[in-house]
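This report concerns only the one structure given below.
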Amino acid sequence: MNDKTASPLKVPETKAKDKPIVEVSGLCKWFGDFCALFDINFSVNFGEKVVICGPSGSGKSTLIRCLNQLEEHQLGTIRIDGREVKPGMKGIEEIRRDVGMVFQSFNLFPHLSILDNLTIGPIRNRGMSKSEASEMAMELLDRVHISEQANKYPMQLSGGQQQRVAIARALCMKPKIMLFDEPTSALDPEMISGVLDVMVELAEDGMTMLCVTHEMGFARQVGDRVIFMDDAEIVETADPESFFNNPETERAKLFLSQLLSH
Amino acid sequence: MDRNSPPPPLPRRRVTLVDLVLIGLVIGMIVYAVYRVNDVLVYHWNWERVLSFIIRFDEESGRWVANLLLQGMFTTLRLAVWATILATIIGVIMGYWRRCNNLTLRIISRTYVELIRNIPPIVFIFIFYFFISSQIFPLIGLSSLRYDSPYMDNDLFRFMFGNPRLFENFIAGMICLAVFEGAYITEIVRAGIQSIGKGQWEAGRAIGLSHFNILRDIILPQAIRKILPPLAGQFITLIKDSAMVSLISIQELTFLANEVAATTTKVFETWILVGAMYFVLCYFFAYVFAKLEQRGARANR
């Protein structure tokens, strides 16, 4: 046993690496008359890191928000670790506890201290004692390099620090997969690298990750696969190197040229 | 010139000619009003007669005791406090129902709010009073309470609810006001819950909290901070609105003022005095709440 195993970010070793944790087939989602997702099919295996990119309004966020049912889909099936996720289902909380989510706008609880932001989940959901939960939370805060801020309130932290707290809060539930919804888009440029560093460490520790992001450096460094979406559909799936160097479709070429032109 | 030197003063606003003219006009109007009252109306002011209804010297016990008007003010205050507490409970429940997923509960709370907001308060109070006093009170046994029992005839009870003999009367007025103001507090609570962003619900859901836990641990604690200032305002409104229950013979300040005005025939003095009492009461609370709000705002930084 090496010391990496002891780290709180370390994901429990899964028996079958090739087993899918997320399976999506025929997923469709409308907002009113607007079709946000159309016939989405993909799967993510345990330990895989998948980057979703595409122009704004292409349905990236909606897609990952359907996975933990922050958005309800009309058609298609979603399975998380073998359990089907349906709109209005009983026991959705159980599934959400296995699916960590990080939002673009952090969404920390402003009336709770950083430590309480982390411990509220384990205390309420897992019936953990306050001291036990605090101990785990402090370890996680240490891993996101922010443990000295534990007793402050979210408003006292910079955006980058808040986002790292949000990552730690999601990890507190010991999720099997982490969803990132443009985690660096709302940050000042100098704050981005700190958050990306934490995400890279998390990836290195073997966490299964599904990231909506335009950070190409991050996608190249940790991504196993890039899913490119446009106009509610998956247009292209490829490994990061070939996607960024030689995109196959015209739409991906256009998107990348716009991303690179500034 | 260096950056640590005291900053030069900014130009001050001065009293201008317009201010002087306006002040002159206001003073002129006051002087004219006083002249009218003194010379044209021919009215014999007698403040002492009315002032003695605030406090009087009790010969028997040899000390100063509250007279009718001050007693009325205490009743008004008790009414306002208890009615606000009850109205807040109603408001929180109904305000939550306004926003919850169950259609029946939404219809109930919506109906409640719309009914009360679209009926004149006085009409509502008449309907409600004759309904509760004649139907509900006998049903729950309130009209057969023993006023001289030790549970009711003690100092604590008098402090909280006033004269035990008027308890039924007091409760009727209190419930009337609470149900009436509850509709406004419902809207305050609804707005407070709505003001908490969608992101907070989503963050709560994303870590697997139940609907109840999100509401209790995440939404309500934040909503309450936003609700408190308008709730304090509603309390002051309630103090003023409580004057309406004098019409159903609740013996609060306005009701007793009516009696004082009738017995002394000093109508002007009585109502000016009562107006001043309401003003002092409301202004005092407004001041205290504003101070508390400032302190709360500072503590949240």
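The values are calculated or read from the model by the stated rules, or taken from the named source; none is laboratory data. Since the model is a prediction, treat every value here as computed from it, not as a measurement. We place every Cβ from the backbone using ideal geometry, glycine too, and count neighbours over all the protein chains shown. Only protein heavy atoms, including side chains, enter the accessible area calculation; ligands, DNA and RNA are left aside. Shrake-Rupley method; radii C 1.70, N 1.55, O 1.52, S 1.80 Å.
Descriptive notes on the structure:
- Restricting attention to the range B:67-300, the count of lysine pairs at 8 or more positions apart or across chains with alpha carbons under 29 Å apart stands at 5.
- Take the range B:67-300 with all the other protein chains still there, run a 1.4 Å probe, and you get 50 Å² of accessible area per residue.
- Alpha carbon centroid spacing (whole Å) that separates the range B:20-50 from the range A:198-262: 82 Å
- A:His73 accessible area, 1.4 Å probe, all protein chains in place, Å² to nearest 10: 10 Å²
- When the listed pairs A:Lys49/A:Lys174; A:Lys90/A:Lys174; A:Lys29/A:Lys86; A:Lys19/A:Lys49; A:Lys19/A:Lys176 are checked against a 19 Å cut-off, the alpha-carbon distance exceeds it for A:Lys90/A:Lys174.
- On the basis of the beta-carbon distance and an R0 of 45 Å, B:Ile224 and A:Leu254 show a calculated FRET efficiency of 0.35.
- Peptide A:105-115, shielding by other chains (average Cβ, 10 Å cutoff): 4
- Buried surface between chains A and B: roughly 1700 Å² of accessible area, summed over both sides, computed with a 1.4 Å probe on protein heavy atoms only.
- Using R0 = 45 Å, the C-beta based FRET efficiency linking A:Cys28 and B:Val123 works out to 0.25.
- Model label zone, B:Ser52; criterion: amide N under 16 Å from point 7 Å along Cα-to-beta-carbon; scope the range B:226-262: B:260-262
- Centroid-to-centroid separation of the range A:67-134 and the range B:173-214 [C-alpha atoms, Å]: 22 Å
- Within chain B, the whole DSSP H helices whose Cα atoms reach 24 Å or more along their own axis and whose mean Kyte-Doolittle score is at least 1.6 are B:17-35.
- Most mobile of B:Ile140, B:Ile175, B:Ile214 in a GNM of chain B (Cα contacts under 10 Å): B:Ile140
- Principal axis dimensions, the protein assembly as shown - Cα atoms, whole angstrom, descending: 101, 76, 50
- Per-residue average of Cβ from other chains inside 10 Å of B:182-193: 0
- Taking every residue in A:64-70 and counting other chain Cβ atoms within 10 Å of its Cβ, the average works out to 2.
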